[in-house]
Amino acid sequence: MVLVAGKMYRPTDVAVDVATNSVFVVEQFNHRISKWDYVDTSFTFTLDASWGSNSDGTSGEGAPIGDGGPTDNSLYRPTGIVFEGTRLTVTDTFHNRIRTLTAATGAFIDSVGQGGSATVDFYHPAGIATDGVILVIADELNSRAVKYNVGDTPGTPVLLPAPTPEGFNRPHGVSFEDTNNFFNVTDTYHGVINRYNTAATSFLDQFGTPGTESTELFFPGSGHGILTGNSTTAFADTRNNILKTVATSTIANTTGTTAGTGNGQLYYPESAVSYADTANYVLAANTLNNRVETFSNAAAVLTAETPFNFGSP
């Protein structure tokens, strides 16, 4: 696929390699990953490369269409991405599998899963996150979440215990609260967050209230990384068009942003990633604005930064 200068089409997730000043963006409707280089402290992002090519997929069960094997470069509506050391792991959503590729060259290494409901299968895998020890994936249309041990050859997933009092109904996002030793799986249809113990992967509790007011949730999405100066994780509250934070079972607003297309405004953001370099950034996949929004953070207060965003429709 030819990369059109700076154009994005439905970005849904972002990953960062601070060591190489690289940002990786999943563009769901372009069926690709775009790689951007950034200049620390200046919020300047320059398009470098793109990886992946479109192939017809399947939204139902069965072997993925167009799957040429573990190293083929086809993606079909990918959703989530994480950076792990020297490689990227991507949820290839409509192919019902996860893909791994090298972060340096974009070469596809492996492909795991196919459409189905067996433990080793997926049915629209969406959000993905890691703490460097385990990798957790929201298997959306199977209404479950699974985890892998980082460093293992993917292929031996463990199903997470179902949350209570309500089980999963289209879980979509994953976030880690590393300093608290928790991870969260967001449930879009229930509008709640399910909290798990990181070490034991045991279910702890379910919290949050569905709605459109204050700290209520409306299709909550993914978040990656701890905010600087705080133990909270930023995540996207997608249909409330805002970024929020979660710490233990406390949800708070962080941006106060109203829906819109202007600089610093969000329109159906699906995920947010925070990381510390010389500057402290939060990057939001501003999905229906077809760009990535840039914020600086200090003690969980997010401020939109000039030049505000990168990418264009």
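What follows is calculated from the coordinates using simple rules that are stated; it is not laboratory data. As the structure is a computational prediction, the values presented were derived from the model and not from experiment. Cβ coordinates were reconstructed from backbone atoms using ideal geometry, including for glycine residues, and neighbour counts include every protein chain displayed.
Normalised by the residues of segment 156-203, what does the relative contact order come to in percent, with Cα pairs under 8 Å and at least six apart?
32 percent
Among Gly52, His224, Leu288, whose Cα sits farthest toward the positive end of the charge dipole of the chain (+1 at Cβ of Lys/Arg, -1 at Cβ of Asp/Glu, about the Cα centre)?
Leu288
Through the Karplus equation 6.51 cos²θ - 1.76 cosθ + 1.60, θ set to phi - 60°, convert the phi angles of segment 129-137 into ³J(HN,Hα) values in whole Hz; use x for Gly and Pro.
Karplus-based 3J(HN,Hα) across segment 129-137 equals 7, 8, 10, x, 10, 10, 10, 10, 10 Hz.
What ³J(HN,Hα) values, in whole Hz, does the Karplus curve 6.51 cos²θ - 1.76 cosθ + 1.60 give for segment 181-192 when θ = phi - 60°, with x put for Gly and Pro?
Values, residue by residue: 6, 10, 9, 10, 10, 7, 10, 5, 6, 8, x, 9 Hz.
Of the listed peptides 198-211, 91-104, what is their order by residue-averaged count of other C-beta atoms within 10 Å, with the highest listed first?
For the peptides 198-211, 91-104, the packing ranking is 91-104, 198-211.
Spelling out what I want: for every residue of segment 210-220, take phi, set θ = phi - 60°, compute 6.51 cos²θ - 1.76 cosθ + 1.60 (Karplus), and round to whole Hz; glycine and proline get x.
x, x, 10, 9, 6, 9, 6, 10, 9, 6, x
For a quick protection proxy, order the peptides 178-190, 215-227 by their average other-Cβ count within 10 Å, most packed first. It would help to have the intermediate numbers written out before the result.
Numbers: 178-190: 21.3, 215-227: 25.1.
Ranking, from highest mean packing down: 215-227, 178-190.
Quick one: compute the contact order of the chain, relative version, from alpha carbon pairs under 8 angstrom and 6+ residues apart, as a percent.
Taking the mean separation of contacting Cα pairs over the length of the chain, I get 13 percent.
What aspartates and glutamates sit close enough to Lys7 to cross-link, taking a C-alpha to C-alpha distance under 19 Å and skipping anything fewer than 8 places away on the same chain?
List returned: Glu27, Asp37, Asp48, Glu270, Glu293.
Hey, can you grab everything whose amide H is under 5 Å from the amide H of Ser53? Only 5+ residues off in sequence or another chain; H modelled, so Pro and N-termini drop out.
Close amide H contacts, sequence-distant or interchain: Ser74, Leu75.
Please state the Cα pair-distance histogram of segment 11-310 with 20 angstrom bins from zero: what percent is in each bin?
Calculated P(r), rounded to whole percents: 39, 59, 2.
With charges set only on the Cβ (+1 for Lys and Arg, -1 for Asp and Glu), what does the dipole of the chain come to about its Cα centre, in debye to the nearest 20?
It comes to approximately 320 debye.
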